[in-house]
Amino acid sequence: MARPLPEPAGGAARAQHARGGLIAVPDPIAEARAAAGALRRLLLGAPEETVRLAVTGLSRAGKTVFVTALAANLMAAPRDPRRMAGLPAVAEGRVVAVQEAGLTVTDAPLFPLRSALAALSGEARWPEPTTRLTKLALSLEVMTPSPGWLGRQLGPSRRAVRLEVVDYPGEWLLDLPLLGRSFEAWSAAELARAEEAPRAERAAAWRGALAGLDPQAAAEHAVLARLAEAYTLYLRRCRDEAGLALLTPGRFLNPDAWAGMPFLLFCPLPLPAGGSPRAGSLWATMRAHYDEYLRRTRAEFLAPHMARFDAQIVLVDLFRALASGAASFADTRSALADIAAALRPEGGWLARLGLARHPPRPVYAATKADYVPESQRGQLAALLRHLVGGNGATLAVAAAACTRDTTLEDRGRTVEAVEGLVEGGGREAFWFAGGIPVETPSAAWFDRRYAVPVFAPPAIDPERGLRHLNLDRVLAAALPEVFA
């Protein structure tokens, strides 16, 4: 079942009235203030408001396609409101103009919107993923109704909104819990984790480089670089071969502007015998690099970006975790638990790390909702809600839907499935046998192996937007104050 849209502007009382419940008693003072604000905007003009939306996700969750579809569909919405009818302001024809806006010279790199649209429309291929922080800005003109008698006489007021969409690697979120963890504690946890399957076989080369190493020996650049490179290769193999997600530090996989920086030359190390590392030793140098990494994370990511977001959308590919086996799913579950703890509006890591205000309540979106028929999309959202512990809104979404619902015959019974073009081949019908579990499945559930196909993107006209599933509902949940 689809998750209901957020309450309309005006709070629970207005929502109850809209559903035909008890008639809400109007607040004349609030209505007078709102009407006065509308009159002031009408006479003096309204300055452009800036709203910052963060979009992130674990590896290969579909961030680039999501941001591309968000921009294309919003820009098409004034001409064809049906594209984003789940946004009340769009459905009511109150979003009158949307266009791409320029960035300033101090902004992050520009999101590659044009090349992504060209890949989807002209080349019929998925765009290249973004592995760094990028930004896209849209200018919106929204007609906002004003409450009260005076507001009804004045009519809706024009609101100018600059929507800044920041796309950043979800792996960086996993660094936030490290800000409260010492090098000793992090090393001990990662060394223990590397002894367990499926990490152990992929950690062999790195652990071999550690064998016989004296942490008290004088630090040499060549040794630091060799160990950091071996550890990074181990993390990369865990991600690419085993589908694991709880991999720290996140910048080792997506360094962005930090690529090649000397403070990235560290890895987990056992505590020296006696617990008193000498100054200038390998262990002391790696601890200093780890501490500098955390300081840079605070100064260059937490303060300038995380502290300024007005809304946060986290994308998750649960199909990859389910299809990769029990170990991959358990690792994804642990990664999501850490992310949910960091983003919890009250009592989470961000709230405890000195931000001037609490972070916004996140919206979690299970991507590839078009890989299951409509009857199972509610289960997909329920599984994600189970994994994040109810610490935010959860929905199932397909930013660029590339399948259609169909049915298959299986041993004399009819089952619901989806059908679409597969990359490099013809049409294929896909059936996720057994359905999507709504909570962590048993180990026996993973005995069934799923070869999840890669569906080709649909043919699109970028001027008309992209066919999607619930993209508008995700945006409505993240930014109700803009689109209510």
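Given in Å, the Rg to one decimal and the Dmax to the nearest whole number for the Cα atoms of segment 85-126 are 14.9, 36. Using every Cα-Cα pair within segment 182-302, state what percent have a distance larger than 17 Å. Considering segment 182-302, 55 percent of its Cα-Cα pairs are separated by more than 17 Å. In whole percents, the pair-distance distribution calculated for segment 289-436 from its alpha-carbon pairs, binned every 10 Å from zero, is 10, 31, 29, 17, 9, 3, 0. Taken about its Cα centre, the chain carries a charge dipole of about 800 debye when Lys and Arg each add +1 at the Cβ and Asp and Glu each add -1 at the Cβ.
Screening the chain for whole DSSP H helices of 18 Å or more along their axis (Cα) with average Kyte-Doolittle hydropathy at least 0.0 returns 28-44, 63-76, 326-343.
What size of dipole, in debye to the nearest 20, comes out for segment 182-302 about its Cα centre when the only charges are +1 on Lys and Arg C-beta atoms and -1 on Asp and Glu C-beta atoms? Intermediate values should be presented prior to the final figure.
Working: 14 positive and 14 negative charges, 23 e Å.
With Lys and Arg at +1 and Asp and Glu at -1, about 100 debye.
Average 1/r across all pairs of distinct alpha carbons in the chain, invert it, and you get the Kirkwood radius: 24.6 Å. Distance between the C-alpha centres of segment 247-295 and segment 418-469: 40 Å, rounded to the whole angstrom. If you take the alpha carbon atoms of segment 70-201 and fit the smallest convex hull around them, that volume is 226 Å³ per residue. Residue-wise HN-Hα couplings along segment 246-261, as the Karplus relation 6.51 cos²θ - 1.76 cosθ + 1.60 with θ = phi - 60° gives them from phi, are 7, 10, 10, x, x, 6, 5, 9, 9, x, 6, 6, 8, 4, x, 6 Hz; Gly and Pro carry x.
Only helical DSSP H runs with n ≥ 4 go in: add -39500 (n - 2.57) per run for the chain, normalise by residue count and round the 222 nm mean residue ellipticity to 500 deg cm²/dmol. Don't jump to the answer; show the numbers that get you there.
Values: 17 runs with 174 residues, N = 484.
Helix-only estimate at 222 nm: -10500 deg cm²/dmol.
Going by neighbour counts of Cβ atoms within 10 Å, the residues 295, 361 line up, fewest first, as 295, 361.
Read-outs throughout are calculated quantities, based only on the coordinates presented, and are distinct from any laboratory measurement. As the structure is a computational prediction, the values presented were derived from the model and not from experiment. Here Cβ is always computed from backbone atoms with ideal geometry, including for glycine, and neighbour counts include all displayed protein chains.
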